[in-house]
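J.: Once you've had a glance at the structure underneath, I'll fire off some questions.
Every number in this text was worked out from the coordinates using simple rules, so none of it is lab data. Predicted, not measured: the structure shown is a model, and the values here were computed from it. Reconstructed Cβ throughout: ideal geometry from the backbone, glycine too, with neighbour counts over all protein chains shown.
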C-alpha cells in the first residue's frame, strides 16, 4: 500500500490561492468545494484573516460594519489588538461608536471558540461584499 505524503495543508493552499489571479482561485475553490465543501470552506477562511480586514479602506469598513450584526462584531473584536479594534471603531460615527463600546464592555467573558466563530462570520461577510464589489479586500498589492 502506498503512503501519501502530506505537503502544506490548508494554510499553504490559502497562501498559494492568494497569489494567483482571482478568477483562477475562484475556479480552483469551486472545484475543491465540489470534492470537499468543508475543506474548501477552511481554505477560504484561511485566505483572509480577520485581523487583515483592519487594513481595508474606510469606506469598505463602514460598509462591513453596517452589514454585520452588531453583536457578532462585538464578539469578534473581543481580545483584538488595539489597532485592529480601532480600525473598525473609527469607521463608526462618534455616537454609534460610544454606544457600541458601552455595549461591548457589558458582554463579559466570552469563550475563545465563540470569538473565532464571530470572526469567521465577519470575514465571510467581507468576502460576500467583495464579490458584490461593495468591499475592497486588503491584499499585499493594496495601498491605503
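J.: If I take every Cα pair under 8 Å that is 6 or more residues apart in region 52-109, average their sequence separation and divide by the length, what percent do I get for the relative contact order?
T.: It comes to 42 percent, rounded to a whole number.
J.: Sticking with this one: Normalised by the number of residues in region 1-101, what is the relative contact order in percent for Cα pairs under 8 Å and 6+ residues apart?
T.: Averaging sequence separation for qualifying contacts and normalising by length gives 23 percent for region 1-101.
J.: To the nearest 10 degrees, how steep is helix 112-131 against the longest Cα principal axis of the chain, on a 0 to 90 scale?
T.: Between helix and principal axis, roughly 80 degrees.
J.: Further, regarding this structure: Kindly rank 43-56, 107-120 from highest to lowest mean number of other beta carbons found within 10 Å of each residue.
T.: Highest-to-lowest ranking by the protection proxy: 43-56, 107-120.
J.: Kirkwood hydrodynamic radius for the chain: how many Å is it when counted over pairs of different Cα atoms?
T.: 16.5 Å
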